[in-house]
Amino acid sequence: MKHNSVFAAVRDAAFKHKLLSVGTVLCAAASVLASLLPPLVLARIIDNLTGGMPIAFSAALLYFGSLALEGVLASAQETLLEMFGQRMTHMLRSEMSRKLTRLSAATLSAQNPGETAARFSGDVDTVEALFTSGVISMAADACRILSIFVVIAVKNTGLAILLLLVLPLLTVFTRHVQKRMLVAQLENRRAVAAISGQVPEALHNIRTIHALGLEEYMERRYDKRIGESYAAVEKTNFYDAIYSPVVLVLNAVVVGVVMLLSASGNAKVLTLFGMSVGTSVAVINYISRLFTPIESLGMEIQTIQSAMAGVKRIDAFLAQPEREMLAEEGASMPRGDVVVSHVTFGYDERTVLRDLSFTVKSGEQVTLVGRTGAGKSTVFKLLMGLYQPKAGTITIGGVDVSQITDRQRRGCIGCVEQHFARVPGTVLDQITLGDPRISREMAQNAARLAGLDATIDALPAAYDTPCSDSLFSQGEWQLLCIARAAAADPAVLLLDEITANLDAETEARVLEALRRASVGRTVLSISHRVYEKLGGRVIEIKALDEGE
Ligand code: ATP
Ligand code: MG
């Protein structure tokens, strides 16, 4: 199912688990009502006692029973909320991972991986907290405050008036704290996202860091980001720390004032504040019950504030445009000439390719040459359909590459790059990429074609050996890359600098594999060595600042 906002995911989770949602709300309502009961029972017991009557066993039982009921319902509410939160985050996480696989290469390459990862972990957790200890608890607390207020108004009008004066002040104070906290929360989330991005970045570049002695620089950068996060956390902690004491002091002041007034002896004051001993015990009990939910409202505000920051960020993530998903039915595999016609392209404002045109005949082998940064690899990315040209068309066998479906693409065009992108799993998985259309036999044939079958057979579990970075040498990874591309038997093969950084012997092995893999295919390669060894036509990609 597709949801483009946190709200839509939550709504659907609530509908999907109707019983749980209704049960949670009913349980919260029952818990509110049950919390009104104990002070009422207590008032009756005390009034009976002061009237000289003994405590009836049934009354005592009722008092303890009502306390137990209140406790049981409160914990049931918590459990149900927890369960609902789990269901909801499950739906949200599935939706986010669906989205991730549908974002275009252009969108993803413009993002900081750490920040995207933080949306899946930290942000989703805060949204879960929005339900487990946020919205519903807050609604229940608001109902609790209102119903206690009604009971107090019935029991002691003067106190209700006093509370009407105090509660708006408390609300203003709460709003103030709320706003300050949101700002600090946002700062913190930003800092945490930057911190989580730094660890994978350091791991990825660890050799460079050691080689260039950048340890201190990386440490300073990390410390700076941690410092930013601490400063933001300290701000939220400060507001959090002052909120509770203020509420507690107010509680004590209100109780004190009411007690003084009810004991004043003034007849006028007593019409408003007079009450029996039992009622006064009940009222004190209610006042503390009134301030407890107001205090936890403060906590819930913090949860909700930080979740709103999370919701905003997740919504922004879910609102990103998706790649166009073409219908697979009835699509045929395009084969034939590769035609690049009047293509203009740039990653951002800066144009990299302008009005580029060339044709590669089916079965022809060509080499793209051009100085570094001229846009050779960019031509390959456009051929793979990873980016859309700003103007012009790119077709294979007359079909625009943007119209080639995901399932067709591997069989139509294969790309061998200098860097092997390892997927989790076994050696076999590296070649099949989990594609059910590529059988084990096809994968083995591809490895044989790449001249890697003997190396793989010598591994502890041959094709079923779990793949790790140290399993193959640089040249062998290159051969595995060729096997991966050849396994789907593509009509067009793209080779991007695959023999760079290889020693002569390994290069000969890779070129031999390429020669075998190129038979009967259209091959576009970027590499002078490949051109020298395999021959073919040369197409020059001129950098835009080069003269004609
Ligand atoms: P080389 O021979 O060094 O591999 P190239 O001809 O393959 O160079 P490209 O990798 O196509 O060059 O890059 C062409 C230009 O596009 C460069 O200026 C590069 O900085 C820019 N570029 C490449 N990839 C991106 C990207 N993902 N986002 C923004 N700019 C990019
Ligand atoms: Mg390149």
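Just checking, which of Val135, Val154 is open to solvent by 40 Å² or more (accessible area, probe 1.4 Å), β-branched (Val, Ile, Thr) and modelled with pLDDT under 85?
Working: Val154 fails: modelled with pLDDT under 85.
Within the list Val135, Val154, the selection yields Val135.
Checking Ile541 against (1) more than 16 Å from ligand 2 (Cβ to nearest atom); (2) open to solvent by less than 10 Å² (accessible area, probe 1.4 Å), only one condition comes out false. Which one?
(1)
From the list Arg448, Arg484, which one is part of a helix (DSSP H, G or I) and free of Cβ contacts under 8 Å to residues at least 12 places away in the same chain? Break it down stepwise before answering.
Values: Arg484 fails: free of Cβ contacts under 8 Å to residues at least 12 places away in the same chain.
Going through Arg448, Arg484 in turn, the sole match is Arg448.
Can you name the residue in the stretch 363-374 that is in contact (Cβ under 8 Å) with a residue 24 or more places away in the chain and near ligand 1 (Cβ under 6 Å from one of its atoms) and is also most open to solvent (accessible area, probe 1.4 Å) among such residues? Don't jump to the end; show me each part of the working.
First, the residues of the stretch 363-374 that are in contact (Cβ under 8 Å) with a residue 24 or more places away in the chain: 363-371, 373-374.
Add one more test, that the residue is near ligand 1 (Cβ under 6 Å from one of its atoms), and what stays is 370, 373-374.
Details: Gly370: 31, Gly373: 70, Ala374: 1 Å².
Only one residue fits best here, namely Gly373.
Out of the residues in the stretch 92-104 that are open to solvent by less than 30 Å² (accessible area, probe 1.4 Å) and of a type in the set (A, V, I, L, M, F, W, C), which is farthest from ligand 2 (Cβ to nearest atom)?
Of everything passing the filter in the stretch 92-104, Leu92 is farthest from ligand 2 (Cβ to nearest atom).
Which of the numbered conditions does Phe64 fail, given that it passes all the others? Conditions: (1) touching a residue at least 40 places away in the same chain (Cβ under 8 Å); (2) among the hydrophobic types (A, V, I, L, M, F, W, C); (3) over 23 Å from Thr126 (Cβ atoms).
(1)
Which pairs do you get when a residue that is at positive phi, found in the stretch 19-40, comes within reach of a residue that is assigned to a helix (DSSP H, G or I) and surrounded by fewer than 18 Cβ atoms within 10 Å (Cβ to Cβ), reach meaning Cβ atoms under 8 angstrom, with the pair 6+ apart or on two chains?
No pair meets every condition.
Scan Val343, Val416 and give me the residue that is on the phi < 0 side of the Ramachandran plot, within 16 Å of ligand 1 (Cβ to nearest atom), modelled with pLDDT of 90 or more and among the hydrophobic types (A, V, I, L, M, F, W, C).
Working: Val416 fails: modelled with pLDDT of 90 or more.
Unique residue meeting the criteria: Val343.
Can you name the residue in the stretch 364-420 that is among the β-branched types (Val, Ile, Thr), over 34 Å from the mean Cα position of the chain (by Cα) and within 18 Å of Ala543 (Cβ to Cβ) and, of all such residues, is farthest from ligand 2 (Cβ to nearest atom)? So that I can check it myself, show each step before the final result.
Of all residues in the stretch 364-420, those among the β-branched types (Val, Ile, Thr) come to 366-367, 369, 372, 378-379, 393-396, 399, 401, 404-405, 413, 416.
Next cut, over 34 Å from the mean Cα position of the chain (by Cα) only: 366-367, 369, 372, 393-396, 399.
Remaining after also requiring within 18 Å of Ala543 (Cβ to Cβ): 367, 369, 372.
Numbers: Thr367: 13, Val369: 11, Thr372: 7 Å.
Restricting to residues being among the β-branched types (Val, Ile, Thr), over 34 Å from the mean Cα position of the chain (by Cα) and within 18 Å of Ala543 (Cβ to Cβ), the top hit is Thr367.
Test Ser377 against the criterion of being within 16 Å of ligand 1 (Cβ to nearest atom), outside any loop (DSSP other than H, G, I, E, B) and surrounded by 14 or more Cβ atoms within 10 Å (Cβ to Cβ), and give yes or no. Break it down stepwise before answering.
On the way: within 16 Å of ligand 1 (Cβ to nearest atom): yes; outside any loop (DSSP other than H, G, I, E, B): yes; surrounded by 14 or more Cβ atoms within 10 Å (Cβ to Cβ): yes.
Yes: the conditions hold for Ser377.
Do we find a residue being in contact with a Gly (Cβ under 9 Å, 6 or more places away or on another chain), farther than 30 Å from Ala30 by Cα and at pLDDT below 90 anywhere in the stretch 173-182?
First, pick out the residues of the stretch 173-182 that are in contact with a Gly (Cβ under 9 Å, 6 or more places away or on another chain): 174, 177-178.
Going one step further and asking which of them are farther than 30 Å from Ala30 by Cα, we end up with 177.
Pick out the ones that are also at pLDDT below 90 and you get 177.
Among the residues of the stretch 173-182, at least one is in contact with a Gly (Cβ under 9 Å, 6 or more places away or on another chain), farther than 30 Å from Ala30 by Cα and at pLDDT below 90, which makes the answer yes.
Does the stretch 318-329 contain any residue that is open to solvent by less than 50 Å² (accessible area, probe 1.4 Å) and either farther than 22 Å from Ser5 by Cα or touching a strand residue (DSSP E or B) at 6+ places or on another chain (Cβ under 9 Å) (or both)? Explain how you work it out, then say what you get.
Residues of the stretch 318-329 that are open to solvent by less than 50 Å² (accessible area, probe 1.4 Å), as a first pass: 318, 320, 326.
Narrowing the set further to residues that are either farther than 22 Å from Ser5 by Cα or touching a strand residue (DSSP E or B) at 6+ places or on another chain (Cβ under 9 Å) (or both) leaves 320, 326.
Yes: the stretch 318-329 contains one or more residues that are open to solvent by less than 50 Å² (accessible area, probe 1.4 Å) and either farther than 22 Å from Ser5 by Cα or touching a strand residue (DSSP E or B) at 6+ places or on another chain (Cβ under 9 Å) (or both).
Among the residues of the stretch 380-406, which ones are within 13 Å of ligand 1 (Cβ to nearest atom) and outside any loop (DSSP other than H, G, I, E, B)?
As a first pass, look at the stretch 380-406 and keep what is within 13 Å of ligand 1 (Cβ to nearest atom): 380-384, 386-387.
Those that are within 13 Å of ligand 1 (Cβ to nearest atom) and outside any loop (DSSP other than H, G, I, E, B): Phe380, Lys381, Leu382, Leu383.
Looking at Leu449, Leu428, which one is open to solvent by 40 Å² or more (accessible area, probe 1.4 Å), away from ligand 1 (no atom under 16 Å from the Cβ) and touching a Lys or Arg at 6+ places or on another chain (Cβ under 7 Å)?
On the way: Leu428 fails: open to solvent by 40 Å² or more (accessible area, probe 1.4 Å).
Selected residue: Leu449, the only one of Leu449, Leu428 that is open to solvent by 40 Å² or more (accessible area, probe 1.4 Å), away from ligand 1 (no atom under 16 Å from the Cβ) and touching a Lys or Arg at 6+ places or on another chain (Cβ under 7 Å).
Since Thr89 meets every condition but one in (1) out of contact with any helix residue (DSSP H, G or I) (no Cβ under 7 Å at 6 or more places or on another chain); (2) within 26 Å of Gly310 (Cβ to Cβ); (3) hydroxyl-bearing (Ser, Thr, Tyr), which condition does it not meet?
With respect to (1) out of contact with any helix residue (DSSP H, G or I) (no Cβ under 7 Å at 6 or more places or on another chain); (2) within 26 Å of Gly310 (Cβ to Cβ); (3) hydroxyl-bearing (Ser, Thr, Tyr), Thr89 is out only on (1).
So is Arg220 of a type in the set (Lys, Arg) and surrounded by 14 or more Cβ atoms within 10 Å (Cβ to Cβ) or not? Walk me through how you get there before you give the answer.
Details: of a type in the set (Lys, Arg): yes; surrounded by 14 or more Cβ atoms within 10 Å (Cβ to Cβ): no.
No.
Yes or no: Val399 among the β-branched types (Val, Ile, Thr), touching a strand residue (DSSP E or B) at 6+ places or on another chain (Cβ under 9 Å) and at pLDDT below 90? If you could, list the steps in order and put the result at the bottom.
On the way: among the β-branched types (Val, Ile, Thr): yes; touching a strand residue (DSSP E or B) at 6+ places or on another chain (Cβ under 9 Å): no; at pLDDT below 90: yes.
No, not satisfied.
Quickly run through the stretch 462-475 and pick out the residues that are in contact (Cβ under 8 Å) with a residue 24 or more places away in the chain and either outside any loop (DSSP other than H, G, I, E, B) or open to solvent by less than 60 Å² (accessible area, probe 1.4 Å) (or both). Walk me through how you get there before you give the answer.
If we filter the stretch 462-475 for residues that are in contact (Cβ under 8 Å) with a residue 24 or more places away in the chain, which is where we start, we get 462-467, 469, 471, 473-475.
Within the stretch 462-475, Ala462, Tyr463, Asp464, Thr465, Pro466, Cys467, Leu471, Ser473, Gln474, Gly475 meet the criteria.
Any residue in the stretch 493-513 that is open to solvent by less than 60 Å² (accessible area, probe 1.4 Å) and assigned to a helix (DSSP H, G or I) sitting within a Cβ distance under 7 Å of a residue that is aliphatic (A, V, I, L, M) and within 13 Å of ligand 2 (Cβ to nearest atom)? List the pairs, counting only those 6 or more apart or interchain.
Filtered contacts from the stretch 493-513: Val510/Ile498.
Looking at Val360 and the list (1) within 16 Å of ligand 1 (Cβ to nearest atom); (2) of a type outside the set (Phe, Trp, Tyr); (3) buried (at least 20 other Cβ atoms within 10 Å of the Cβ), which single condition is not satisfied?
(1)
The values are calculated or read from the model by the stated rules, or taken from the named source; none is laboratory data. No experiment lies behind these values; they were computed from the predicted model shown. Cβ: placed from backbone, ideal geometry, glycine included. Neighbour counts: every protein chain shown. What goes into the accessible areas is simple: the full protein's heavy atoms, side chains included, and nothing from ligands, DNA or RNA. Shrake-Rupley method; radii C 1.70, N 1.55, O 1.52, S 1.80 Å.
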